[in-house]
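Written below as structure tokens is the structure these notes are about.
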Amino acid sequence: MRTVDLVVIGGGSAGMAAALQARKEGIHDILILEKEDSLGGILTQCIHNGFGLTEFKEELTGPEYLQRFVDQVITEKIPYECGAQVLDLSKDKVISYSKDGKFETLKAKAVVMATGCYERSAGAIQTPGDRCSGIITAGAAQKYCNIKGYMVGKRVVILGSGDIGLIMARRLNLEGAKVICVSEIMPYSAGLNRNIQQCLKDYDIPLYLSRSVSRTIGKDRLEKVILSAVDEKMNFIPGTEMEIECDTLVLSVGLIPYISLLNNVDCPTSSTKGAVVNNYMETMIDGIFSCGNCLHVHDVVDFVTDEGRTAGHGAALYLQKRIHKENDIKTIAGNGVSYIVPQFINKNADENITLKLRVRKPLKDQWVMIKSGDNLIQKIYKSAVIPSEMLLINLSKDKLAQITDNLTIQLEDK
Amino acid sequence: MKEFTCIICPRGCSLKVDDNGNVTGNFCPRGKEYAINEITNPKRTITTTIRVKNRKDTVVSVKTTCAVPKGMIFEVMKVINTLSVNAPTRIGDVVLENILDTGANIVITKNID
Ligand SMILES: Cc1cc2nc3c(=O)[nH]c(=O)nc-3n(C[C@H](O)[C@H](O)[C@H](O)COP(=O)(O)OP(=O)(O)OC[C@H]3O[C@@H](n4cnc5c(N)ncnc54)[C@H](O)[C@@H]3O)c2cc1C
Ligand code: SF4
């Protein structure tokens, strides 16, 4: 069987960054496997700007951002195969994939998983009512509109105020559709404030909070939706129904890491629905790494690129047999924190480590407290925190040296 | 009196600007500057797509090279929607110069081979 030192599964932002970093650290035998016809991943369809502020200090559109990495992959002569869908991954890292209708297998010494995420669909949220056409996820609408140039509808309601929903509200409106409203079940928006301003308020598109679709109505094509207010327990409140005539319901109701390939290797997962990893982005399975949206859902691609590099660095250390194997420190999401990546830290890593976390709900004037056991290692003031904005905490080598016990991160009112 | 959300940082202050141009609600000075720009001359960069004539069911993404006045967004869109190109396209290719005298060019943002 053909063997390859490092196989990267998925050629999006995370996968390309991982491959480039591993190459930079001396790994020669690399192969990127990508199921689509070209490298790039989801950014191919994100044509709006705002990408690259951290990475390149300029504002780029999605396709411009990804092209810079595709160019580097080509200059570095990193082998990649497009149209190569990975079907199976085993514990001893045998990979099977289909390519041009043929079934191929190869054995990798190390694997980086960079397969991205998928969108929750109507079935997943169980919208009551008719199953008619005209109900589509925001990502699918984005692909139709931005790649193929089809309009998905004329009168549109958007369910869910995540960033993709907000971006699509603006996009469909610009292309001449009437975007009637965005409806969000939570009492606050899941998207960034700036997107609410630029995508909704700029175009006078109303945002209804604590409101969701209680019924979809239509024979073949969607004709109406009923929006109802919800109580704290997310139950619809009778008497609050709003009937809205529309031909399209766009769902922006959440993204889930795509990790079905890890099922066969019994890889432990965390509350992010991605794999449990250490500071090298190594999963609990020897030599299998994970990064990007298949690890935890990101909103800013610059951080995806950075995480991909960490995974590529880890894979290089692993192949060079220089990786530290003990996962001695556990990270614990304390008060107000919904998750932390990585879940384990290696105390002897001897390098700076970035912890990424999200808060549970929007709060103002908070201390982010980082404690090892009872010892306060660091506290950082934040004038505001929101769940849609990931927090990054850099642990320098000296701070790392002070850590003796499990690391808890929690919020405290100032 | 105008009200809007400051988009400069995640705090997202609710800014109010009265008729004399006094800004309130900003937690820091950056909010004030933003509010004044928003009142005097709000501008936005437009990103959209245009048809690729020699490819079936394909559009290519474009953008304005600088922000254009917010009030002109739909006029600018009308002009962009009349444009089309042939593949291959390269990032940075200029499709139209100085659209509606705004000083912005329309450039390609995606390579299509
Ligand atoms: C619809 C949508 C819109 C988004 N919009 C924005 C935005 O506007 N701004 C922003 O900063 N972020 C946005 N994001 C977040 C965005 O996902 C990240 O910024 C980043 O691009 C994710 O990179 P990734 O490499 O982890 O995943 P992806 O870019 O999704 O790459 C994963 C790649 O793996 C491939 N793959 C998956 N399974 C297999 C398999 N079995 N075999 C082979 N290949 C496989 C896929 O084809 C894909 O190319 C968006 C995400 C989604 C889903
Ligand atoms: S006013 Fe200052 S603190 Fe408030 S959102 Fe704007 S930049 Fe942030």
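Points to keep in mind about this one:
- Residue check, A:GLU282 crowded, with 19+ Cβ neighbours inside 10 Å and among the acidic types (Asp, Glu): yes
- Entirely in region A:297-386, the strands (runs of 3 or more DSSP E) that have 2 or more residues that are open to solvent by 50 Å² or more (accessible area, probe 1.4 Å): A:329-333, A:363-372, A:375-385
- The set of residues in region B:36-51 being open to solvent by 80 Å² or more (accessible area, probe 1.4 Å) and at the interface with chain A (Cβ under 10 Å from one of its Cβ atoms) consists of B:ARG51 alone.
- Among the conditions (1) more than 16 Å from ligand 1 (Cβ to nearest atom); (2) touching a Cys at 6+ places or on another chain (Cβ under 8 Å); (3) at pLDDT 95 or above, B:THR49 misses just one, which is (1).
- Residue list for region B:55-64, filter: open to solvent by 10 Å² or more (accessible area, probe 1.4 Å) and touching a helix residue (DSSP H, G or I) at 6+ places or on another chain (Cβ under 6 Å): B:ASP57
- Test: residue in region A:6-19 that is in contact with a helix residue (DSSP H, G or I) (Cβ under 9 Å, 6 or more places away or on another chain), free of Cβ contacts under 8 Å to residues at least 60 places away in the same chain, surrounded by 15 or more Cβ atoms within 10 Å (Cβ to Cβ) and not β-branched (Val, Ile, Thr): no
- Sole exception among (1) under 29 Å from A:ASP163 (Cα atoms); (2) away from ligand 1 (no atom under 16 Å from the Cβ) for A:ALA311, by number: (2)
- Of all residues making up region B:12-35, the number that are open to solvent by less than 30 Å² (accessible area, probe 1.4 Å) and within 10 Å of another protein chain (Cβ to nearest Cβ): 2
- Within region A:254-283, the set of residues being of a type outside the set (Ser, Thr, Tyr) and assigned to a loop (DSSP other than H, G, I, E, B) comprises A:GLY254, A:ILE259, A:ASP266, A:CYS267, A:PRO268, A:LYS273, A:GLY274, A:VAL276, A:ASN278, A:ASN279, A:MET281.
- Among the residues of region A:25-60, those identified as touching a residue at least 60 places away in the same chain (Cβ under 8 Å) and surrounded by fewer than 19 Cβ atoms within 10 Å (Cβ to Cβ) are A:GLU25, A:GLY26, A:LEU53, A:THR54.
- Cβ pairs under 8 Å, 6+ apart, first in region B:1-20 and within 16 Å of ligand 1 (Cβ to nearest atom), second open to solvent by 40 Å² or more (accessible area, probe 1.4 Å) and basic (Lys, Arg): B:ILE7/A:ARG194
- Going through (1) outside any helix (DSSP H, G or I); (2) within 10 Å of chain A (Cβ to nearest Cβ); (3) within 19 Å of the chain's Cα centre (by Cα) one by one, B:LYS56 falls short only on (3).
- Failed criterion for B:GLY92 (all others in (1) more than 13 Å from chain A (Cβ to nearest Cβ); (2) away from ligand 2 (no atom under 16 Å from the Cβ) hold): (1)
- So A:TYR144, is it away from ligand 2 (no atom under 16 Å from the Cβ), surrounded by fewer than 18 Cβ atoms within 10 Å (Cβ to Cβ) and closer than 19 Å to A:VAL253 by Cβ: yes
Results for (1) surrounded by fewer than 18 Cβ atoms within 10 Å (Cβ to Cβ); (2) at pLDDT 95 or above, shown as yes or no for each residue.
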residue: B:LYS53; (1), (2): yes, yes
residue: B:CYS66; (1), (2): yes, no
residue: B:LYS78; (1), (2): yes, yes
residue: B:LEU83; (1), (2): yes, yes
residue: B:ILE99; (1), (2): no, yes
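- Consider region A:264-305 and keep the residues that are charged (D, E, K, R) and within 13 Å of the chain's Cα centre (by Cα). The one that is nearest to ligand 2 (Cβ to nearest atom) is A:ASP299.
- B:LYS16, sole failed condition from (1) over 27 Å from A:LEU363 (Cα atoms); (2) assigned to a strand (DSSP E or B): (1)
The values are calculated or read from the model by the stated rules, or taken from the named source; none is laboratory data. Fair warning: this is a prediction, and the values are worked out from it, not measured in the lab. Quick reminder, even Gly has a Cβ in these numbers, built from the backbone with ideal geometry, and neighbours come from all protein chains shown. Accessible surface is based on the protein model in full, side chains and every heavy atom, while ligands, DNA and RNA are left aside. Shrake-Rupley method; radii C 1.70, N 1.55, O 1.52, S 1.80 Å.
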